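Structure, as structure tokens:
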Amino acid sequence: MSSQQTPAPDTTGPRPRRLTYAAALAALEGLAMVAVGGWMAVLAVTGEPDDRRQAVTGGVTLIVLALLPLLAARGLFARRGWSRGPAVITQIIALPVAYNLLRSDSVAIPAGIALAVVAVTALVLLVNPETTRALDIRGPGSAGK
């Protein structure tokens, strides 16, 4: 190992609860995206959508996009520092989606509330100093330390 490289974080100790909760929320979001995408694709094929191709594309796109939070959750469970970035991005993207769901005049309002609560909670857990230490993430300028 050269002097430029740093050892991986110690993963032998117990995983902090905040990190576990953040990983679980990211996994929950990913699984929900897979479920909704699958539901959209099935309805597109079996139902009467206005544009079948667009409905199938939307479902498949949602399933593919679910890979981001699922991979982030896997990385968070394994204490990989790279995984915090995709997890934070997922939460930031979820906030405008939740806002749009909250502005609707339908049964989507409870889904918007749930999504907003999950996204804000996950963001708080992901930027927590305990999570940052567990993932061995250091601030700018401390790469050589």
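Looking only at helices (runs of 4 or more DSSP H) that lie completely in the stretch 14-92, which have at least 3 residues being among the hydroxyl-bearing types (S, T, Y) and either touching a Phe, Trp or Tyr at 6+ places or on another chain (Cβ under 7 Å) or surrounded by 14 or more Cβ atoms within 10 Å (Cβ to Cβ) (or both)?
Numbers: elements: 17-46, 52-65, 67-77.
The helices (runs of 4 or more DSSP H) meeting that bar number zero.
Out of G47, G38, G30, G59, report the one residue that is more than 17 Å from A134 (Cβ to Cβ), free of Cβ contacts under 8 Å to residues at least 12 places away in the same chain and of a type in the set (G, A, S).
Exactly one of G47, G38, G30, G59 is more than 17 Å from A134 (Cβ to Cβ), free of Cβ contacts under 8 Å to residues at least 12 places away in the same chain and of a type in the set (G, A, S), namely G47.
Quick one: how many residues across the stretch 107-123 are aliphatic (A, V, I, L, M) and surrounded by fewer than 14 Cβ atoms within 10 Å (Cβ to Cβ)?
Here the count works out to 5.
As an exercise: evaluate S104 against (1) assigned to a loop (DSSP other than H, G, I, E, B); (2) open to solvent by 50 Å² or more (accessible area, probe 1.4 Å) and give the number of the one condition it does not meet.
(2)
Please verify whether A44 is of a type in the set (G, A, S) and within 30 Å of P14 (Cα to Cα), treating the condition exactly as stated.
So A44 does not fit the description; no.
The values are calculated or read from the model by the stated rules, or taken from the named source; none is laboratory data. For clarity, every value in this text was computed on a predicted model and none was experimentally measured. When we count neighbours, we look across all protein chains shown, and the Cβ atoms used for this are built from the backbone with ideal geometry, even at glycine. Areas reflect the complete protein model, heavy atoms only, side chains present, ligands, DNA and RNA absent. Shrake-Rupley method; radii C 1.70, N 1.55, O 1.52, S 1.80 Å.
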